[in-house]
Amino acid sequence: METLTAINWIPACYIDDVPENGGVCMKHGDEQIAIYNFSRRNEWYATQNLCPHKQQMALSRGMIGSSGEDCEPKVACPFHKKTFSLLSGECLTGDDFSIKTYPVKVADGKVYVGVNAA
Ligand code: FES
């Protein structure tokens, strides 16, 4: 049976705080969350900011783009270009890593990130 988890929507920043086709980072407890404004696609995404390859807090500064026939949205870490799906968090460069992804919503000029309610 599927368990439904309640989501807390955390106000992260204003839309204008996030560069077009770029990202910013927010702190949430002990974690850092990267928020991406994929303006070429008019989409927003959020993932953990920590790149699992060499434990660098870097993904918010990564290059975002689209991959394959499905045009899967992705981010490439600026250090060694390991690339992750912004939908599933799966590593798209064949490594055994994955990253956490978060739902995002935009309302009244603000960006909200959904985290599991404690
Ligand atoms: S630290 Fe991100 S790819 Fe190496």
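Structure values in brief
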read-out	value
Residue that is touching a Leu at 6+ places or on another chain (Cβ under 8 Å) and of a type in the set (D, E, K, R), where the choices are 43, 90, 72	72
Set 37, 8, 21: member being over 19 Å from residue 114 (Cβ atoms) and either modelled with pLDDT of 95 or more or not charged (D, E, K, R) (or both)	21
Any chance residue 58 is within 14 Å of the chain's Cα centre (by Cα), modelled with pLDDT of 95 or more and not aromatic (Phe, Trp, Tyr)	yes
Output for segment 86-113, where each listed residue is touching a helix residue (DSSP H, G or I) at 6+ places or on another chain (Cβ under 8 Å) and more than 16 Å from the ligand (Cβ to nearest atom)	106, 109, 110, 111
Test: residue in segment 70-85 that is at pLDDT 95 or above, over 18 Å from residue 102 (Cβ atoms), away from the ligand (no atom under 14 Å from the Cβ) and not hydrophobic (A, V, I, L, M, F, W, C)	no
Output for segment 40-67, where each listed residue is free of Cβ contacts under 8 Å to residues at least 24 places away in the same chain and within 16 Å of residue 105 (Cβ to Cβ)	42
Complete set of residues in segment 22-54 that are part of a strand (DSSP E or B) and either within 16 Å of the ligand (Cβ to nearest atom) or charged (D, E, K, R) (or both)	23, 25, 27, 31, 32, 34, 36, 43, 47, 48, 50, 51
Selection from segment 59-71 of residues that are assigned to a loop (DSSP other than H, G, I, E, B) and surrounded by fewer than 19 Cβ atoms within 10 Å (Cβ to Cβ)	68, 69, 70, 71
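The values are calculated or read from the model by the stated rules, or taken from the named source; none is laboratory data. All values derive from a computational prediction rather than experimental measurement. With ideal geometry, Cβ positions are generated from the backbone for all residues, glycine too; neighbour counts draw on all protein chains shown.
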